[in-house]
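Trainee: Below is a structure I'd like to ask you about.
The values are calculated or read from the model by the stated rules, or taken from the named source; none is laboratory data. It should be emphasised that the depicted structure is a prediction, and the values quoted were computed from it without experimental measurement. Glycine also receives a Cβ, built like all others from the backbone with ideal geometry; neighbour counts cover every protein chain displayed.
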């Protein structure tokens with residue numbers, strides 16, 4: 001499978017969502033009654049403060065599965081998202 005990366009963050013997000021939905025549907029079709037939800041996580045060594053003010057809020061990144069390793073509780077936040 002190949003992904004064409006787009007230059008804008010919103011374009012990349014839209015492309016990823018389309019690919020994710022396609023794969024969820026393919027997996028669901030393999031077993032009757034199966035419900036699949038795919039999600040990925042990124043642990044970033046970049047400090048959120050280094051991104052500048054033009055970027056989204058830290059909560060927006062977290063809701064998209066991006067966590068910053070300079071947060072002392074990034075693992076707890078990610079685990080809460082996974083198991084919450």
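Trainee: Considering only segment 56-84, how many residues are farther than 21 Å from residue 19 by Cβ and either in contact with a helix residue (DSSP H, G or I) (Cβ under 8 Å, 6 or more places away or on another chain) or part of a helix (DSSP H, G or I) (or both)?
Mentor: 15
Trainee: Any idea which residue in segment 46-62 is nearest to residue 80 (Cα to Cα), counting only those that are loosely packed, with under 11 Cβ neighbours inside 10 Å and under 16 Å from the mean Cα position of the chain (by Cα)?
Mentor: By that ranking, first place goes to 59.
Trainee: Given (1) at pLDDT 90 or above; (2) part of a loop (DSSP other than H, G, I, E, B); (3) surrounded by 12 or more Cβ atoms within 10 Å (Cβ to Cβ), identify the lone condition not met by residue 24.
Mentor: Failed condition: (2).
Trainee: Inside segment 1-21, can you point out the residues that are modelled with pLDDT of 85 or more and loosely packed, with under 12 Cβ neighbours inside 10 Å?
Mentor: 18, 21
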